[in-house]
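Remarks on the structure that follows.
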Protein chains: 4
Amino acid sequence: MQKIPVGVLGATGMVGQQYIALLADHPWFEVRYVAASPRSAGKPYAEAVAGRWHLSRSYGKGVGDLMVADANDVQSALAAFKKGDCAFVFSALEMAKDEIKALEEAYAAAGIPVVSNASAHRWTPDVPMLIAEINPHHADIIPQQREQRGWDKGFIVVKPNCSIQSYMTPIWALMQKGYEIRRMFVTTLQAVSGAGYPGVPSLDMIDNIVPYIGGEEEKSEQEPLKILGSVQGGTIVNAPGPLVSAHCNRVPVVDGHTACVSLEFGDKKPSIEEVKAIWAQFRALPQELKLPFAPEQPIIVREEADRPQPRKDRDADKAMAVTVGRIRPCKLFDLRFVGLSHNTVRGAAGGGILNAELLKARGYL
Amino acid sequence: MQKIPVGVLGATGMVGQQYIALLADHPWFEVRYVAASPRSAGKPYAEAVAGRWHLSRSYGKGVGDLMVADANDVQSALAAFKKGDCAFVFSALEMAKDEIKALEEAYAAAGIPVVSNASAHRWTPDVPMLIAEINPHHADIIPQQREQRGWDKGFIVVKPNCSIQSYMTPIWALMQKGYEIRRMFVTTLQAVSGAGYPGVPSLDMIDNIVPYIGGEEEKSEQEPLKILGSVQGGTIVNAPGPLVSAHCNRVPVVDGHTACVSLEFGDKKPSIEEVKAIWAQFRALPQELKLPFAPEQPIIVREEADRPQPRKDRDADKAMAVTVGRIRPCKLFDLRFVGLSHNTVRGAAGGGILNAELLKARGYL
Amino acid sequence: MQKIPVGVLGATGMVGQQYIALLADHPWFEVRYVAASPRSAGKPYAEAVAGRWHLSRSYGKGVGDLMVADANDVQSALAAFKKGDCAFVFSALEMAKDEIKALEEAYAAAGIPVVSNASAHRWTPDVPMLIAEINPHHADIIPQQREQRGWDKGFIVVKPNCSIQSYMTPIWALMQKGYEIRRMFVTTLQAVSGAGYPGVPSLDMIDNIVPYIGGEEEKSEQEPLKILGSVQGGTIVNAPGPLVSAHCNRVPVVDGHTACVSLEFGDKKPSIEEVKAIWAQFRALPQELKLPFAPEQPIIVREEADRPQPRKDRDADKAMAVTVGRIRPCKLFDLRFVGLSHNTVRGAAGGGILNAELLKARGYL
Amino acid sequence: MQKIPVGVLGATGMVGQQYIALLADHPWFEVRYVAASPRSAGKPYAEAVAGRWHLSRSYGKGVGDLMVADANDVQSALAAFKKGDCAFVFSALEMAKDEIKALEEAYAAAGIPVVSNASAHRWTPDVPMLIAEINPHHADIIPQQREQRGWDKGFIVVKPNCSIQSYMTPIWALMQKGYEIRRMFVTTLQAVSGAGYPGVPSLDMIDNIVPYIGGEEEKSEQEPLKILGSVQGGTIVNAPGPLVSAHCNRVPVVDGHTACVSLEFGDKKPSIEEVKAIWAQFRALPQELKLPFAPEQPIIVREEADRPQPRKDRDADKAMAVTVGRIRPCKLFDLRFVGLSHNTVRGAAGGGILNAELLKARGYL
């Protein structure tokens, strides 16, 4: 199969680097266009990231030689698009929210689909916020999005915040089996890579934790409602629940967000054994379609008393699986568990790639 | 004032060392008797802890020269008692629960009061589990304890688990002002010193967290009920609430347990400002009595968005204060906050010393 | 090709697990026999390591079902050998040195070759201490070893200590080009995985370093002399130099030993550029033979000012390459550099596997 | 005694905060003037550092209320000087080197003595670089400095880089006893607080070390020569030795620089026991003068195999002592040892305060 040429916007940043690394041997996609800030523009990618490459995995040889374009220059991307070097872009832009919003729209308007990792368009009503295993049908708003915007081939899809991914798929798996979830308490212990580079100072993370991450609790409480919402007319209407109370902490972990969760079901309540079985057996569209980045088993259930743990479980199944453990009754609600996922793979670039695979399989790319 | 001679049982262990260090310049107490396992017995204390002293603060010169006794040898303590070298003992014994239980009773039966840090007697109905600011009146069960046991001067008091201290005093301060607390969710991020030495392997704590501490969640859910209970006849009867759901994690922090808490009040609910005022103004018996280890302000309220933090707040007011922050409404219950206290000072040796000061001030020592 | 069945002694320990994980997809070898302490014996491997598996990479499905044998029971291994389940063993035994020495000899005497990771036989004069890129010809002492011991097919080869591997191959590459190295200063910053599990307590590794590792400096000063020695008669005679002064520290890093090295050359001294070129171009027998675990480029030269770094460079080329950087003149000697290698892969199990591949290619297995 | 009013320039930065905290209960000095960048100027100190205070120790109540001045505004300091609020200043300025140089000279020219922690003037020939135990006599260049500059009462003294303090006093103690030190190898493991705040990103310090600190090796190799130099005419002439080769690493430690040192003596060589005795008995002018910040015993000798360690030894004797251990012969040179000191106290603010105490005792302040 001829690989699809793709571009990465914000290619020199933390998430951008993760995209470049993860796409190195992708069976469907090939990075042929990279764009970043004016500071990096005009340099070969290898030079632009020299001394700033944060991953142990390297970028592919071809990518190192690519000339970095200015991400603000949509015309440059359009030229690449026309030349057949950039069928769509992954957006890992790091700018002010408003700038990202406008810029992603400019790419889409120019006919270039945008699969975004940025938070700018998460609450735009006609932009789907996709977790491929949960709401792949939200992608079907794309034709309406195009129509409403007057866009021909371009469109925008986004993915949600990284920290909710450690528990959203487990929640959904239970809901899908008919178990309403009314309320949930979540306390997260989040890795520093989620804050980018330089990000969190080491003086705050040696022999310390920081019990606060700006904006994170609000996102954790609101984003699930859109993901679980429904497409009505040309807009995505929030689900009424579950109601969430989130407490987000930064801890001295490189990668991997851990979440301690308590769930209150509706009137129908599953047994602990039933929950474990539902999670272990959960499969969704990405698994049916055998998408390259889809984990074989989206939810891995661990029986040991002290798992999941970030360093031991974050890399499970290409770092795309969610690992759950400590599944037990709650003294106040119905069920307690601990969920964990890799925040820069499953929660960021890997999740974006899986979304693109889904869109390709569904004919949108 | 002539200082009261005291003994420390388990003096070479982690908590024992903390007792020795904290008592170095104590205005009322002076360590004149140290006892540990047979392995250490017969050596000068300095030799017994050589290469095993874990604190930056050192032991006093006099203590280094004390000959370590065998903690199992109650007669030896009794001889010291009679010689005027040991009016009572702090117990930081590290043995099997049953052995500690029997041994502490043997000391008490021999006429030597035991102020214990061990968990063995926490659920013995006539043994008070004291937090000096919360339930000092539980000490008044001592005469009944003596009578029931046939003990003359000896008695046993204990202190609760270290991790609940980061939120129990704040909870109590609100209850005392007439605000019933029905239910609470607690997620703790606990320091490694709580597991003793060698304790948690570094392979589990570098770039990692462990979402499990054996027995800790059960203690966190049950101990508050006894602390808030009432003395009825010769026994302490549990309070009916609050109902607690606890999730306990081990994190890469040396000292200082952090707790993320959500509270559900009864029908009467304080405002956020009222909560802050109650906490900042809270004073209790140790403050009235001006006990040496009593923090001036038992609950310190921080207004910064990202506090309390273990390394920055654990040492507040001789490491005896509880620091609270992020006081805000809860999306599901009524109030959320983060509490923090020093687990080996406030939560262990320092708390034990404060209990002894209270008992002295009340005439029991 | 039919895979060669191999056994792993000490299969449940830290290094044993690393062997199991690394051999999971090995093109030549297949683990068909696992042995450990009597405590684990008689259980399926999966059960024996449940809750004690320390790697993110898992063991293969087949290995999980293998019944663990008692490593002390050579007859059991012999039976597996005769059944065709164990052509040779990797020894990752963790016992007293004398016991390991005797036990490895018993396996060899029984006709089972032993490729060992243990230190017990490092100083046995007729046992080669191999680094496959440096002294592969030392393997040619095997026939003499057999003859001297009266062994038929069995033999023992060992590998050196993990920490010297971060600089021995670079040293050798220079020597091979005719540059004598007279003296060298080495200061190591070693990862905690080198101490096994539970190993170093987290209380010693959070906000701390420990400037001492028992026995490590002596090994670092002596082992190079044997590795660089020559086979004379049936014994390996030490090289006269280089003379080494080593200072070994334990630091809060999971995997990857870093070494700061200063070299004093003999009369002939290479330029900095020559050193870089020699290292970048260095290839040896494992590369010529294209052994599966051989890194393509054994020494990777980094030009950035702040590399190598453990987390970013330890996994280079299957975690089998040595990465060097900060190559610069020394104010006192001639050359300074920083070397880094993965201590449990290149420095332990991976190095052992490469040795076995070499022995196979040379006809000894 | 009436306390001497002092000012702190750069009072809101990392070292500035340390000055403020350490001076809180100083018996001779009282902070009555604080200056910082224009951003902080005009605010009360408490407000200027709100959310940016990095120490567990707090600033004194009086200081919190002080209005922050603009450090560039020498007239403002002069007004305070005239009002009797600022007899001299501690400089913890964080600006470009040239700006600091000019600004410190402007203060001195205005008649305000400057006791500086900045590196700007370390190589100015008539500015002494003081370690109070080593070269207190260098202060005697002050009259010549004033004369050469045409300054009346103002002058500038500086202190050397933090990392060399972990071994310079031990070196000096041996030199003073007649043992020439010809050459020395030093490898440092330096704490992150040395890089200020935000300083080193946590992504570089979790499960990692960085074997490079810009400019640090050069300083470590050159500064000892000035400290050990002699005042000749109006200038300080470097000592000819010792020759130093330094390798500097950043490690995940909050406070406390560790140094692994190898020494080559001249023809006369002390025994190990003699070295230990010389160090344990070393006392210097600050001890004779009983200066408030002088450690009673400037060099603490530890006999345990695994000390000194940063977390356990950095706070020794008000964090002003140097702790040494692992004193043993060197395989290549004569003596090896490990030295440790607190980089932000002994190596920065505490060292500056001790210098000021010395200058006061000598009549310069």
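For chain D, the longest principal axis of the Cα atoms and the long axis of helix D:165-176 meet at an angle of about 60 degrees. Here the Karplus relation 6.51 cos²θ - 1.76 cosθ + 1.60, evaluated at θ = phi - 60°, turns the backbone of the range D:72-84 into coupling constants of 6, 9, 5, 4, 4, 5, 5, 4, 5, 4, 5, 6, x Hz, with x for every Gly and Pro.
Relative contact order of the range B:165-341: 28 percent, from C-alpha pairs under 8 Å at least 6 residues apart in sequence. Taken along its principal axes, the alpha carbon cloud of the range A:1-133 reaches lengths of 39, 36, 31 Å, longest axis first.
Contact order for the range D:86-202, expressed relative to its length and based on alpha carbon pairs under 8 Å spaced 6+ residues apart, stands at 24 percent.
Give the angle, between 0 and 90 degrees and rounded to the nearest 10, that separates the Cα long axis of helix B:272-281 from the longest principal axis of the Cα atoms of chain B. Helix B:272-281 sits at roughly 20 degrees to that axis. Let me test this: with uniform point scatterers at the alpha carbons of the protein assembly as shown, what is the Debye-based log₁₀ I(q)/I(0) at q = 0.09 1/Å? Result of the Debye calculation: -1.46. Label-point spacing at C:LEU78 relative to the other copies reads 6.2, 8.2, 9.8 nm, in ascending order, each point sitting 7 Å out from Cα along Cα→Cβ.
If each DSSP helix of 4+ residues adds -39,500 (n - 2.57) and the sum is divided by the residues in chain D, what number results at 222 nm, nearest 500 deg cm²/dmol? Before the final figure, lay out the partial values.
Numbers: 13 runs with 107 residues, N = 365.
Estimated from H runs of four or more residues: -8000 deg cm²/dmol.
If both residues of a DSSP beta bridge must be in the range C:165-341, then about 70% of such bridges are antiparallel.
Computed from protein heavy atoms with a 1.4 Å probe, the total accessible area buried between B and D is close to 1000 Å².
Could you pull out the pairs from C:LYS83/C:LYS153; B:LYS97/B:LYS153; A:LYS83/A:LYS159; D:LYS177/D:LYS268 whose alpha carbons sit more than 19 Å apart here? Violating the 19 Å Cα-Cα cut-off are B:LYS97/B:LYS153; A:LYS83/A:LYS159. The residues of the range A:165-341 present an accessible area of 31 Å² per residue when probed at 1.4 Å with all protein chains retained.
Basic side chains Lys and Arg get +1 at the Cβ, acidic Asp and Glu get -1 at the Cβ, and with that the dipole of the range B:165-341 about its Cα centre reaches some 320 debye.
For the range C:114-159, chymotrypsin sites (Phe, Trp or Tyr not before Pro) meeting the loop criterion (DSSP other than H, G, I, E, B) and having at most 11 other Cβ atoms within 10 Å: none. In the assembly of identical copies, B:ARG52 has its label point, taken 7 Å from Cα in the direction of the beta carbon, separated from the corresponding points by 2.5, 4.7, 5.3 nm (ascending, one decimal). Helix D:350-361 versus the longest principal axis of chain D: what angle, 0 to 90°, nearest 10, using Cα atoms? In chain D, helix D:350-361 runs at an angle near 70 degrees to the longest axis.
Each residue of the range B:16-30 was assigned a 3J(HN,Hα) from its phi angle through the Karplus expression (A = 6.51, B = -1.76, C = 1.60, θ = phi - 60°), giving x, 4, 4, 4, 4, 5, 5, 7, 3, 10, 5, x, 10, 10, 9 Hz with x at Gly and Pro. Taking Cα centre as origin and charging only the Cβ of basic (Lys, Arg, +1) and acidic (Asp, Glu, -1) residues, the dipole magnitude of the protein assembly as shown rounds to 0 debye.
Starting from the Cα gyration tensor of chain B, multiply each eigenvalue by 5, take the square root, and state the resulting semi-axes largest first in whole Å.
Working: eigenvalues 218, 110, 66 Å².
After scaling each eigenvalue by five and taking roots: 33, 23, 18 Å.
Inter-copy label distances at A:GLU218, shortest first and taken from points set 7 Å along Cα to Cβ: 4.3, 4.6, 6.3 nm. Cα extents for the range B:95-217 along the principal axes, largest to smallest and rounded to whole angstrom: 53, 42, 17. Where the accessible area of the protein assembly as shown is counted over protein heavy atoms with a 1.4 Å probe, how much of it, in %, is carbon and sulfur? Of the solvent-accessible surface of the protein assembly as shown, carbon and sulfur hold 50 percent.
Mind checking the range B:1-48 for trypsin sites (Lys or Arg not before Pro) that DSSP puts in a loop (not H, G, I, E or B) and that have at most 15 other Cβ atoms within 10 Å? The partial results should precede the final answer.
Details: sites: B:LYS3, B:ARG32, B:ARG39; in loops: B:LYS3, B:ARG39.
Filter output for the range B:1-48: B:LYS3, B:ARG39.
Take each residue in C:181-193, count the other chain C-beta atoms within 10 Å of its C-beta, and the mean is 4.
For C:LYS61, a cut-off of 20 angstrom between C-alpha atoms picks up these lysines, skipping any fewer than 8 places away in its own chain: A:LYS312, A:LYS318, C:LYS3, C:LYS43.
Cα centroids of the range D:93-136 and the range C:237-309: how far apart, whole angstrom? Centre-to-centre distance over Cα atoms comes out at 42 Å. Under the simplified labelling scheme, the D:ASP73-C:GLU303 pair shows an inter-label distance of 5.0 nm, with each label point 7 Å from Cα along Cα→Cβ.
Quick check of the Kirkwood formula: for the range C:165-341, what is the inverse mean of 1/r over all pairs of different Cα atoms, in Å? Taking every pair of different Cα atoms in the range C:165-341, averaging 1/r and inverting gives 17.0 Å. The two copies B and D are related by a rotation, and the chain B beta carbon nearest its axis, with distance in whole angstrom, is B:ASP207, 2. Taking 7 Å steps out from each Cα toward its Cβ at D:LYS43 and C:ALA102 produces label points 7.2 nm apart.
Could you work out the relative contact order of chain C? I mean the mean sequence separation of Cα pairs under 8 Å and 6+ apart, divided by the number of residues, in percent. Please report the intermediate quantities before stating the final value.
Values: 820 pairs, mean separation 59.1, N = 365.
Computed over chain C, the figure is 16 percent.
Pick out, in residue order, every one of the trypsin sites (Lys or Arg not before Pro) in the range B:212-279 that is DSSP loop and has at most 14 other C-beta atoms within 10 Å; say none if there are none. Here the sparse-neighbourhood loop sites are B:LYS268.
The values are calculated or read from the model by the stated rules, or taken from the named source; none is laboratory data. Note that the coordinates shown come from a computational prediction; the quantities given were computed from them, not determined experimentally. All Cβ positions, even for glycine, are placed from backbone atoms using ideal geometry, and neighbour counts span all protein chains on display. All accessible areas refer to the heavy atoms of the entire protein, side chains included, with ligands and DNA or RNA removed. Shrake-Rupley method; radii C 1.70, N 1.55, O 1.52, S 1.80 Å.
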